[in-house]
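K.L.:
This structure is in structure tokens; I'll ask about it shortly.
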Amino acid sequence: MKNSNITKNRMRVALLLVLAASVIGLAPAFSDSAGAGSGSFSINDVSGNYVDHAEGWDCTGNNCSGKFMPRSLVGLVTFTPATGTFHAYWIARLAGENHTAVIDGSYTVDADGHGTMTFIAAFPKQRDFYIVNGGAELKWINTDPPSTFTASAIGTMTKQ
């Protein structure tokens, strides 16, 4: 009977140690030093080359009143914080056809890690993104103004 109690106590201590180690291990993920809510981001956190991978839907007709067409793309985006500009080269597949695009634009980054990309082209185009893993990734969605040809698009840019 005495050995049974010792075993139970050891088991409780072991479980308590595992719980404590788990809590201690998660603490950095919720601390201000991890970047979440710290307000420490700037345009300098997005710089250099990123590989962009995206999927979405484009539409035909005015105000997307026509058919929706699937789209995917991969490309290289180079961010230059000194000028707040980016240069992109994309290879895209739209409705079963291959396309390439070279686009320039400007970008901003807020203190909370939110940023925008505004394309300089013959059509209005914008992306909103959030910085992930200290700038190693950018998660983005398309936020074009109404009546543009992109119905919806999402993607991830991964720093090279």
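The values are calculated or read from the model by the stated rules, or taken from the named source; none is laboratory data. Since the structure is predicted, the reported quantities are computational estimates derived from the model, not experimental observations. Virtual Cβ from ideal backbone geometry, glycine too; neighbours counted across all protein chains shown. Accessible surface areas use protein heavy atoms only, side chains included; no ligands, DNA or RNA. Shrake-Rupley method; radii C 1.70, N 1.55, O 1.52, S 1.80 Å.
K.L.:
Roughly what would the spin-label model give for L76 and V132, points 7 Å off Cα along C-beta, in nm?
P.N.:
Inter-label distance under the simple model: 2.3 nm.
K.L.:
Next up: Quick one, can you get me the convex hull of the C-alpha atoms of the stretch 40-160 expressed as volume per residue in Å³?
P.N.:
89
K.L.:
Given H placed 1.01 Å from N in the peptide plane, which residues other than close sequence neighbours of A151 have an amide H under 5 Å from its amide H?
P.N.:
Under 5 Å from the amide H of A151 lie the amide H atoms of W57, D58, C59, each far enough along the sequence or on another chain.
K.L.:
Still on this structure: I'd like the Karplus ³J(HN,Hα) series for the stretch 84-94: coefficients 6.51, -1.76, 1.60, θ = phi - 60°, whole numbers in Hz, and an x wherever there's a Gly or Pro.
P.N.:
Computed from phi, the couplings for the stretch 84-94 are x, 10, 9, 10, 10, 10, 10, 10, 10, 10, 10 Hz.
K.L.:
Given H placed on each backbone N at 1.01 Å, which residues far from D144 in sequence or on other chains put an amide H within less than 5 Å of it?
P.N.:
Q126
K.L.:
Would you kindly derive the ³J(HN,Hα) couplings of the stretch 144-152 from the backbone phi angles with the Karplus curve 6.51 cos²θ - 1.76 cosθ + 1.60 (θ = phi - 60°), listing them in order in whole Hz, with x for Gly and Pro?
P.N.:
4, x, x, 6, 9, 7, 8, 7, 6
K.L.:
Also: In square angstrom, rounded to the nearest 10, how much accessible surface does Y89 have for a 1.4 Å probe?
P.N.:
Here the accessible area works out near 100 Å².
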